[in-house]
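The values are calculated or read from the model by the stated rules, or taken from the named source; none is laboratory data. These figures come from a predicted structure and were not determined experimentally. Backbone-built Cβ (ideal geometry, glycine too); neighbour counts: all protein chains shown.
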Amino acid sequence: MWTHEEAIEISATPAEVWAVLSDVRGWKRWNAGIAYIELHGPFAVGTTFTMQPPETDAFVSTLIAVEEHRGFTDETVIDDIRVIVEHRIDALTPDGVRVTYATEVTGPDAAQIGAMVTGDFPDVLRGLKSIVERRPAPAP
């Protein structure tokens with residue numbers, strides 16, 4: 001098994017980060033690693049989504065945990081490889097959070113696959129931070 005964590009602090013509330021993370025169609029606005037994405041139902045446990053990185057085959061992932069304003073976890077299984085990515089939102093202050101992407105890969109060549117899957121996570125998290133911090137604050 002191979003594991004990896006990447007995190008970033010964002011000046012926002014958990015609800016503001018959740019609004020961006022749960023908008024799957026909008027992921028392409030801040031994640032350059034997505035050429036195509038489609039959610040096949042509500043953003044809830046058991047729902048699948050199809051994602052295609054640029055110039056790569058599409059794959060299907062399943063939401064295996066969803067907790068509003070706290071995060072979600074998706075699982076992708078391709079042949080003997082299983083990739084789980086937990087997207088955590090941890091409140092640090094009333095207007096600040098840490099977002100962590102925790103990844104676990106099992107199967108043959110887990111370290112190589114894991115490094116490939118997580119290689120762009122620093123850029124993805126910076127993109128998330130940028131778009132969340134540019135969003136107007138919700139009305140009281």
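Take the conditions under 18 Å from Val20 (Cα atoms) and either touching a helix residue (DSSP H, G or I) at 6+ places or on another chain (Cβ under 8 Å) or surrounded by 13 or more Cβ atoms within 10 Å (Cβ to Cβ) (or both) and apply them to Pro122. Does it pass?
Against the criterion (under 18 Å from Val20 (Cα atoms) and either touching a helix residue (DSSP H, G or I) at 6+ places or on another chain (Cβ under 8 Å) or surrounded by 13 or more Cβ atoms within 10 Å (Cβ to Cβ) (or both)), Pro122 qualifies.
Which pairs do you get when a residue that is in contact (Cβ under 8 Å) with a residue 24 or more places away in the chain and surrounded by 16 or more Cβ atoms within 10 Å (Cβ to Cβ), found in the range 32-43, comes within reach of a residue that is of a type in the set (S, T, N, Q) and in a loop (DSSP other than H, G, I, E, B), reach meaning Cβ atoms under 9 angstrom, with the pair 6+ apart or on two chains?
From residues that are in contact (Cβ under 8 Å) with a residue 24 or more places away in the chain and surrounded by 16 or more Cβ atoms within 10 Å (Cβ to Cβ), the pairs are Phe43/Ser22.
Looking for something modelled with pLDDT of 95 or more, surrounded by fewer than 15 Cβ atoms within 10 Å (Cβ to Cβ) and farther than 25 Å from Met116 by Cα - is there at least one such residue anywhere in the range 49-66?
Scanning the range 49-66, I find no residue that is modelled with pLDDT of 95 or more, surrounded by fewer than 15 Cβ atoms within 10 Å (Cβ to Cβ) and farther than 25 Å from Met116 by Cα, so the answer is no.
Any idea how many residues of the range 30-69 are within 13 Å of the chain's Cα centre (by Cα), of a type in the set (S, T, N, Q) and farther than 20 Å from Ala19 by Cβ?
The qualifying residues number 2.
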